[in-house]
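Take a look at the structure below.
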Amino acid sequence: MDAITIRRPDDFHVHFRRGEILKSVVPFTARQFGRAMAMPNTSPEPILTRGDALKYWLEITEIVQKVGLSPEDFCPLVTIQITDETEPNTVREIKEEGMGGHKVIVAGKVYPLGVTTNSHNGVSDFRALYRVFAAMEEVGLVLSLHGQVPKAFCLDREKEFLDTLAMLAKDFPALRIVMEHISTKESVDALKDLPKTVGATITLHHLLITLHDVLSFVGEEGSEGLNPHHYCQPIPQKLEDRGALIGAAMSGNPKFFFGSDSAPHLKERKESSCGCAGVFSAPVLLPLLVGLFEFHGKLDRLEPFVSEFGARFYGLPLNQETITLNREEWVVPKEYNGIVPFFAGKTVGLKVQG
Ligand code: NCD
Ligand code: ZN
């Protein structure tokens, strides 16, 4: 096969930021995906209300248009951040919010306090938000969870959150909940047992790297060292965790779908004594995903994972267009506008056509 064609995929978890970074990163996602769900942890101001979300949608769309695409080619999806201050009415206001015939505000995101980039306004008491979750259940807004317990040991934070996830699923049986960027075998096992209202996104990088690639990365000269560009939250874990994630992504179970968590940070913010969490994977997503599924002999499971299950979970129509990747080698640039991408400097064997 010289080329691989699939239904145009969706990315159900991406960080676009604002300002200059927004301008430089949006085109990578817009050229590969039909839709992408932009996270609300923007700085200095997060996206907290319907008004913020619609303004952000317009900012993203303007960039999409500047690179010659229309909202028909790529439609951003936006979210609001749920904080201790969010009121049930903030949620009720965004019932079925649409732009140009497209539903665009699709989820409310909860970050536990302080666990990751821009989560200083995160939540410390989930029970205190029950009225907000009830309103989300009522209007059909998906609850998107950064599932980590802040005070726990860094590698146990996700595992320790699974009780809260089960509690929310039980207390809100009609609320659709997504556990974002799962990173452990325990999460995969827990997800399988939870009701079908609970799904999970899986990133490309958690399918490819482990903690070893963060702490004992083999650099160009062959020596091992810390790679801050592989550091993200949740922290990539052990081989058996990565194996479980690969198994889940390729299982055909519709609870598991793609969300890249592509999270750009300027190089100096990553290469620092307190480096930011986040892997900027947007430029290489589809070539590496296709390559990975092909490597495992599971190309037939790729399209459901990346183009169908997420859309179905969110109640969105499947994209009708296709995208083709050609077998063509290219070297991933070492930087894009001051941001180091995933696989920087490495050769990739597939390229998005056009
Ligand atoms: C994300 C970011 O940089 O905004 N970082 C990350 O490591 N994934 C935030 C997040 O999703 O945790
Ligand atoms: Zn994220």
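Among the helices (runs of 4 or more DSSP H) lying completely within the range 229-311, list those that include at least 1 residues that are closer than 25 Å to LEU215 by Cα.
On the way: elements: 239-249, 267-270, 285-295, 299-303.
So the answer is 239-249, 267-270, 285-295.
Condition first: within 16 Å of PHE258 (Cβ to Cβ), within 17 Å of the chain's Cα centre (by Cα) and within 16 Å of ligand 1 (Cβ to nearest atom). Can you find one or more residues in the range 71-83 that meet it?
yes
Listed residues LEU318, LEU350, LEU325; which is touching a helix residue (DSSP H, G or I) at 6+ places or on another chain (Cβ under 7 Å) and either assigned to a loop (DSSP other than H, G, I, E, B) or among the charged types (D, E, K, R) (or both)?
LEU318
How many residues are acidic (Asp, Glu) and either in a loop (DSSP other than H, G, I, E, B) or surrounded by 12 or more Cβ atoms within 10 Å (Cβ to Cβ) (or both) when one looks only at the range 328-347?
To start, the set of residues in the range 328-347 that are acidic (Asp, Glu) comprises 328-329, 335.
Then drop every residue that is not either in a loop (DSSP other than H, G, I, E, B) or surrounded by 12 or more Cβ atoms within 10 Å (Cβ to Cβ) (or both), which leaves 328, 335.
Counting residues in the range 328-347 that are acidic (Asp, Glu) and either in a loop (DSSP other than H, G, I, E, B) or surrounded by 12 or more Cβ atoms within 10 Å (Cβ to Cβ) (or both) gives 2.
So which residues in the range 135-168 are surrounded by fewer than 19 Cβ atoms within 10 Å (Cβ to Cβ), of a type in the set (Gly, Ala, Ser) and touching a residue at least 24 places away in the same chain (Cβ under 8 Å)?
Those that are surrounded by fewer than 19 Cβ atoms within 10 Å (Cβ to Cβ), of a type in the set (Gly, Ala, Ser) and touching a residue at least 24 places away in the same chain (Cβ under 8 Å): GLY140, ALA166.
Okay, residues lined up against (1) without any contact (Cβ under 8 Å) to a residue 12 or more places away in the chain; (2) more than 18 Å from SER307 (Cα to Cα); (3) not β-branched (Val, Ile, Thr):
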position: MET179; (1), (2), (3): no, yes, yes
position: SER187; (1), (2), (3): no, yes, yes
position: ASP193; (1), (2), (3): yes, yes, yes
position: THR201; (1), (2), (3): no, no, no
position: LEU207; (1), (2), (3): no, no, yes
position: ASP213; (1), (2), (3): no, yes, yes
position: SER216; (1), (2), (3): yes, yes, yes
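Every residue in the range 29-42 that is within 16 Å of ligand 1 (Cβ to nearest atom) and surrounded by fewer than 23 Cβ atoms within 10 Å (Cβ to Cβ), please.
So in the range 29-42, the residues within 16 Å of ligand 1 (Cβ to nearest atom) come out as 29, 36-42.
Residues satisfying the conditions are ASN41, THR42.
Count, please, the residues in the range 43-77 that happen to be closer than 20 Å to ASN121 by Cα and buried (at least 22 other Cβ atoms within 10 Å of the Cβ).
Restricting attention to the range 43-77, the residues satisfying the condition of being closer than 20 Å to ASN121 by Cα are 43-53, 56.
Checking which are buried (at least 22 other Cβ atoms within 10 Å of the Cβ) leaves us with 47, 53, 56.
Of the residues in the range 43-77, 3 are closer than 20 Å to ASN121 by Cα and buried (at least 22 other Cβ atoms within 10 Å of the Cβ).
Examine the range 157-179 for a residue that is within 16 Å of ligand 2 (Cβ to nearest atom), under 20 Å from THR117 (Cα atoms) and in contact with a Leu (Cβ under 6 Å, 6 or more places away or on another chain), and state whether such a residue exists.
yes
Laboratory data are not the source of any read-out in this text; all were calculated from the coordinates shown. Model, not experiment: these values are computed from the prediction. Because the Cβ atoms are built from the backbone with ideal geometry, glycine has one as well, and the counts that use them run over all protein chains shown.
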